[in-house]
Amino acid sequence: MAEARLGVLISGRGSNLAALLLASRLMADCPYEIVPVAAHDPQAPGLAMAAAEGIATFGQSHQGLGRAAFDAIIEAELHRHGVTHVALAGYMRLLSPGFVARWAGRCFNIHPSLLPAHKGLHVHEAVLAAGETMSGCTVHLVTAELDGGPILGQARVAVLPGDTPESLAARILIAEHQLYPRVIANQFRSVSEPLPRLRALALALPEAAEKLSHGAPGFFVQGGKFFAYFSENHHGNGITALLVKASGVEEQAMLIEQDPELYFRPAYFGPAGWIGIRLDAATDWEMIGRWLERSWQASAPRRLLRLVTGQ
Ligand code: GRF
C-alpha cells in the first residue's frame with residue numbers, strides 16, 4: 001500500500017489532478033495514492049474525469065455555507081477515506097484557518113509562478129507586465145499566508161517574446177504537470193530523511209511557520225521567536241540535528257552528561273541555552289515532538305499560550 005493517501009481538492013478542469021493520478025500509475029512504487037477527489041462545484045469537469053478513472057469523487061456546492069462549515073464537510077469526507085495528505089490542484093477557494101492548522105505540513109499547493117514572486121491571481125499578466133524573461137511554477141506547503149508556505153520544489157519556464165498570458169499559462173501548465181507528482185512523491189521517498197518529518201511536526205504547532213535562517217530551515221511562532229532549527233553538516237561537522245531551547249546552560253550540561261550520543265552543545269546557540277539533538281541515529285520521534293512542543297511554549301507570545309493552555 002502507498003505511504004500516503006492523498007485527497008485532492010479541485011475547482012475546475014483538473015488537469016493537475018489528471019497529472020497526479022496518471023503519474024502515480026506510471027511510477028514504479030509510487031509512494032502516494034489518490035483516494036478521493038473533492039470539488040466545491042459538483043459540475044467540475046475534473047470530477048467526471050476522476051470518476052471515470054475509478055476514483056471516489058465528492059462534489060459539494062459551497063453556496064449558502066460559511067467557510068468553516070463548508071471545510072468541515074470536505075474534511076469529514078477526507079477522513080472517511082483515511083486521507084493522510086491533501087493536494088490542492090487549482091482549488092480556487094480560500095481554506096478556513098482551522099483546516100489549514102489541522103493539515104499543517106500535510107497540505108500541498110501548486111502555483112503558476114516562481115514564488116515568492118507573483119502570489120495570488122492574474123499571475124501571467126503580472127509576469128508579462130513586469131517584463132520578466134523567466135517564470136515557472138512552485139509546489140509549496142499550505143500555511144495561513146496565501147501562496148506563502150515553505151517551497152518544496154520549482155520548475156523554471158522561459159518567457160518567449162510575443163507570449164500572451166494564455167500562451168505562457170499553457171506552457172507553464174506542462175511544467176506543472178511534471179513537477180507536482182514528482183515533488184509530492186519525493187516528500188515520501190525521503191521520509192527516512194529527517195527534515196520532512198521534522199517539518200510536519202514543527203508546522204503542526206499553533207501558528208508555527210518556517211523560514212531560512214543563515215541558510216538553515218528555522219521554525220518560528222508567528223509574531224514570536226524561533227523555537228527550532230534544522231542543522232545539517234554545519235561547517236562540515238557531519239551532524240544532522242535539531243536545535244531547540246533547553247531551560248538554560250545547566251539543563252544543557254545535564255542532558256549532555258546523561259546522553260552524549262544524543263545531545264550536544266551547538267555552536268553559536270550553545271551559550272544561549274539551546275541544545276542540539278542528533279537526528280542521524282535511530283530517532284525517537286515522540287521525544288522530538290515533545291521537545292518541539294516545549295521549545296514552542298518557551299517562544300510563543302503569551303496571548304497564544306493562553307489560547308492553547310486555556311489559562
Ligand atoms: C493551474 O495553473 C494551477 O497552478 C492554478 O490553477 C490552475 C489549475 O488548473 N492554481 P487545473 O484545474 O489543474 O487544470
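Using Cα-Cα distances under 8 Å and only pairs 6 or more residues apart, what relative contact order does segment 173-252 have, in percent? Let's see the in-between values first.
Numbers: 74 pairs, mean separation 10.9, N = 80.
With pairs under 8 Å counted, the relative contact order is 14 percent.
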Exercise. List the lysines whose alpha-carbon lies under 20 Å from that of LYS245, not counting same-chain residues fewer than 8 positions away?
Worked result: LYS211, LYS225
Exercise. Taking amide H positions as placed 1.01 Å from N in the peptide plane, with prolines and chain starts having none, which residues 5 or more places from VAL35, or on another chain, fall under 5 Å of its amide H?
Worked result: LEU6, GLY7, VAL8
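With the contact rule set at Cα under 8 Å and sequence spacing of 6 or more, what percent relative contact order holds for segment 63-142? Walk me through the numbers on the way to the answer.
Values: 73 pairs, mean separation 24.2, N = 80.
Relative CO of segment 63-142 lands at 30 percent.
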For this session: Could you work out how far apart the two model spin labels at LEU26 and ARG80 are, taking each label as a point 7 Å from the Cα in the direction of the beta carbon, and quote it in nm?
Result: 3.2
For this session: Enumerate the amide H contacts of TRP274 below 5 Å, restricted to partners 5 or more residues apart or on another chain; note that Pro and chain-start residues carry no placed amide H.
Result: ALA246
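Cβ under 15 Å from HIS40's Cβ, HIS40 left aside: what net charge do those residues give with Lys, Arg +1 and Asp, Glu -1? If you can, show how the numbers build up before the last one.
Details: positive: ARG13, ARG67, ARG93; negative: ASP41, ASP71, GLU75, GLU77.
Spelling it out: positives minus negatives among the neighbours equals -1.
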Exercise. Using the Karplus equation 6.51 cos²θ - 1.76 cosθ + 1.60 (θ = phi - 60°), what ³J(HN,Hα) coupling, rounded to whole Hz, does each residue of segment 76-85 give in order, writing x for Gly and Pro?
Worked result: 4, 5, 4, 5, 4, 9, x, 5, 9, 9
Problem set entry | Reduced Cα scattering model of segment 249-311, Debye log10 I(q)/I(0), q = 0.16, 0.29 Å⁻¹ | -0.63, -1.24
Problem set entry | Rg(Cα)/(2.2 N^0.38 Å) for the chain, N = residue count | 1.09
Problem set entry | Length gained when the stretch ALA56-SER167 is fully extended (0.36 nm per residue, less Cα-Cα span) | 36.7 nm
Exercise. Relative to the Cα centre, what is the charge dipole magnitude of the chain, using +1 at the beta carbon of each Lys and Arg, -1 at the beta carbon of each Asp and Glu, and rounding to the nearest 20 debye?
Worked result: 480
Problem set entry | From phi via Karplus (6.51, -1.76, 1.60), per-residue ³J(HN,Hα) for segment 11-24 in Hz, x at Gly/Pro | 10, x, 6, x, 6, 5, 4, 4, 4, 4, 5, 5, 5, 5
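Counting only C-alpha contacts under 8 Å and six or more residues apart, can you give the relative contact order of the chain as a whole percent? Provide the component values of the computation, followed by the final result.
Values: 554 pairs, mean separation 37.8, N = 311.
RCO, the chain: 12 percent.
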Seminar exercise, completed: For segment 167-275, listing chymotrypsin sites (Phe, Trp or Tyr not before Pro) in a DSSP loop whose Cβ sees at most 15 other Cβ atoms within 10 Å gives TYR268
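Laboratory data are not the source of any read-out in this text; all were calculated from the coordinates shown. From a predicted model like this one, the values you see are computed outputs, not experimental measurements. Using ideal geometry, Cβ is built from the backbone for each residue, glycine included, and neighbour counts are taken over all protein chains shown.
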